[in-house]
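Asks: My structure is below; once you've seen it, I'll send some questions.
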Amino acid sequence: MATQDRRNTGTHPVEEEETEAVPPPAAEAEASTETEGVDDLLDEIDGVLESNAEEFVRGFIQKGGQ
Amino acid sequence: MGTETEYGVLAPSLPSANATVLSSQIVNAYAATLRTGAGNLSGTRWDYTDEAPLNDARGFAVPRAAADPTSLTDEPPVLDAEQIAMEGGGPAALYGEQTQDNPVLMNMVLGNGARLYVDHAHPEYSSPEVTRPRDAVLWDKAGDAVVLAAMRHIARMPGFAPVHLYKNNTDNKGVSYGSHENYLVPRSVPFGALASGLVPFFVSRQVIAGSGRVGIGTNNQRQGFQLSQRADFFETEVGLETTIRRPIINTRDEPHAVAEKYRRLHVIIGDANLSEVSALLKIGTTSLVLSMIEAGTAPAVELRDPVGALQAISHDPSLEQLVELTDGRMVTGLDLQEIYFEAAAAHSRAGGETDPDTEDILARWSGLLGTLKRDPLEAAASVDWVAKLKLLQAYRERDGLAWSDARLHLVDLQYSDMRPEKGLYYRLAARGQMERVLTDEEIARAVTSPPDDTRAYFRGNCLTRFPKEVIGASWDSIIFELPSRRRLQRIPTREPLRGTRALTEELFNASADAEDFVTRLLTGSDTAVAP
């Protein structure tokens, strides 16, 4: 997939140089219905993800355990 | 068998909060949800008398002074009112009538036979003993419902910051906490046979039961995705510790049962599972391998470098990574699982009649290995790491994210958030995208009811029926305080397969009160049913 096709819907801009190759899309025959399901799923998950990803992930600090 | 789950704990609005205090809030909040009229049920003390965490299955004990302090799990943790107050949120609301002499609750024994307690800096739920893998998953899931109830209670309390729990195993910053399994094994099985039979199995089990992790290395040193949350935290093949130098085979010899007859295999290498299928197969296949080791029919495979193989397999989601056996053969994690599956199927056929549980595990195991061989991503509805990877790949495709992107790390973390409205596992399950083994009704029942077929039935019913008189309990004891007796009455329950519904239901029903119950148990004709 060409890098210019990328959409960035996140709260942070994507840094070009960190971007890795994205796996090729699934076979075309099932692509359209599957893509719809995936879009719908990602929309739902966008809605429940904690708002500031970077800060939230950085703040998740645990003490030792078994 | 049974499970232990240590939850990751976080109060996002109090970033520097003391983790032990937050963990105690979970225990005390759950107690508060039960407190009305429940007497000691909300605060049964743990009986540490029979604990022996430093006994090694290889036939020796580590001197106390030489042990890592975190290994001393037989010393009750204490948190006083002052420490609680320092963290804000005065004790009164959540902690009830606590005083200097009556410190906050750090431990509870529940009516379903489980234990909910503060383990170092994490809340931990240990499920009651069960005899079937499916029940192990059921009462483990009941623990998730227990801690959710506690989280909800804290969120409703004025003055308390909401506490979030995560059913995962690392903070991705060098710290790991466990999800353990326990299996009762006849003492007659040599420990060496257990270790050699299990190492290649555990090294490859992550293929069917890993929870998936964004980041590679204990401190997330390299970018990428791996199968297991725990693999990078293991350093040796066999050992006693669970917090340092973590071993693939743990040798803690603390059976919580008749020691001459049983050993407890304490498994620390598993990931905490959200997927019911992953959890069922993790426990079910391990039980089958243990049966084979007992019968001497386990496959004779040996890895050249078990710890290296564990990590190499974890780091390759394509499942093509080859690892070397001591006979020179190169195999994948899937190959190892197939070797164990074939042996288990043959073992089961040779044994003649099989039970439906075994048939179910074998059929699921075989089906899943076939699916993973065809295309790992096809197993997304049943395996946690695949479900997580599929979600992450969708984000990577849509938004062109690198593995280092914080949003992918957030998806990883939030997959295991215990709140159904926030946890991504629960969001997938609500959309019908995760295969279920259990029903929500069953799980709700297991929150309050113990299993029928082990001593957990006796423990749970003692607590539920005599909440005022039971003042202490552990896996292998119940302590009654009765007005008529000057001394506490300790009832040993060292045989895990007694104290069942079949043996004790009548005794419970016939007893007018705790006095009557204990008298019948100790002196009457009912002694035969005593656990």
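The values are calculated or read from the model by the stated rules, or taken from the named source; none is laboratory data. What you see is a predicted model, and the numbers here were worked out from it, not measured in a lab. Here the Cβ is made from the backbone with ideal geometry for all residues, glycine too, and neighbour counts use every protein chain on show. All accessible areas refer to the heavy atoms of the entire protein, side chains included, with ligands and DNA or RNA removed. Shrake-Rupley method; radii C 1.70, N 1.55, O 1.52, S 1.80 Å.
Asks: Do we find that B:Ala387 is assigned to a loop (DSSP other than H, G, I, E, B) and either open to solvent by less than 10 Å² (accessible area, probe 1.4 Å) or within 21 Å of B:Tyr166 (Cβ to Cβ) (or both) in this structure?
Replies: The answer is no for B:Ala387.
Asks: Now for a different question. Quick one: count up the residues across region B:478-522 that are farther than 16 Å from B:Val109 by Cβ and touching a Cys at 6+ places or on another chain (Cβ under 7 Å).
Replies: 0
Asks: For residues that are hydrophobic (A, V, I, L, M, F, W, C), more than 15 Å from B:Ser228 (Cβ to Cβ) and in contact with a Pro (Cβ under 7 Å, 6 or more places away or on another chain), scanning just region B:300-341, find the one that is most open to solvent (accessible area, probe 1.4 Å).
Replies: B:Ile339
Asks: Just to check your reading of the model, which residue among B:Asp375, B:Asp452 is surrounded by fewer than 19 Cβ atoms within 10 Å (Cβ to Cβ), over 28 Å from B:Val175 (Cα atoms) and touching a Ser or Thr at 6+ places or on another chain (Cβ under 7 Å)?
Replies: Of the residues listed, the single one that is surrounded by fewer than 19 Cβ atoms within 10 Å (Cβ to Cβ), over 28 Å from B:Val175 (Cα atoms) and touching a Ser or Thr at 6+ places or on another chain (Cβ under 7 Å) is B:Asp452.
Asks: Next up: Restricting to region B:471-513, name every residue that is among the aliphatic types (A, V, I, L, M), over 13 Å from B:Gly113 (Cα atoms) and in contact with a helix residue (DSSP H, G or I) (Cβ under 6 Å, 6 or more places away or on another chain).
Replies: B:Ile471, B:Leu482, B:Leu503, B:Leu507
Asks: Select from region A:33-66 the residues that are closer than 30 Å to B:Phe233 by Cβ, open to solvent by 40 Å² or more (accessible area, probe 1.4 Å), free of Cβ contacts under 8 Å to residues at least 12 places away in the same chain and at the interface with another protein chain (Cβ under 7 Å from one of its Cβ atoms) and list them in ascending order.
Replies: Listed by number, the residues that qualify are A:Ile61, A:Lys63, A:Gly64.
Asks: Would you mention how many residues in region B:173-197 are assigned to a loop (DSSP other than H, G, I, E, B) and surrounded by fewer than 23 Cβ atoms within 10 Å (Cβ to Cβ)?
Replies: Counting residues in region B:173-197 that are assigned to a loop (DSSP other than H, G, I, E, B) and surrounded by fewer than 23 Cβ atoms within 10 Å (Cβ to Cβ) gives 7.
Asks: Just to be sure I understand the filter: pairs with C-beta atoms under 6 Å, separated by 6 or more residues or on different chains, first member in region B:216-245 and polar (S, T, N, Q), second member part of a strand (DSSP E or B) and open to solvent by less than 50 Å² (accessible area, probe 1.4 Å). Which pairs pass?
Replies: Going by the 6 Å Cβ cut-off, the qualifying pairs are B:Gln226/B:Arg213; B:Gln226/B:Ile216; B:Gln229/B:Thr170; B:Gln229/B:Arg213; B:Thr236/B:Pro247.
Asks: Only one of B:Ile491, B:Ile479 is open to solvent by less than 20 Å² (accessible area, probe 1.4 Å) and in contact with a strand residue (DSSP E or B) (Cβ under 7 Å, 6 or more places away or on another chain); which?
Replies: B:Ile491
Asks: Which of the residues spanning region B:390-427 are facing another protein chain (nearest Cβ under 9 Å), part of a loop (DSSP other than H, G, I, E, B) and within 26 Å of the chain's Cα centre (by Cα)?
Replies: B:Glu421, B:Lys422, B:Gly423
Asks: Which of the residues spanning region B:494-524 are free of Cβ contacts under 8 Å to residues at least 24 places away in the same chain and open to solvent by 70 Å² or more (accessible area, probe 1.4 Å)?
Replies: Across region B:494-524, the qualifying residues are B:Glu506, B:Asn509, B:Ala512, B:Arg520, B:Thr523.
Asks: Looking at the structure I just gave you, is B:Val301 at pLDDT below 95 and part of a loop (DSSP other than H, G, I, E, B)?
Replies: Considered against the rule, which asks whether it is at pLDDT below 95 and part of a loop (DSSP other than H, G, I, E, B), B:Val301 comes out as no.
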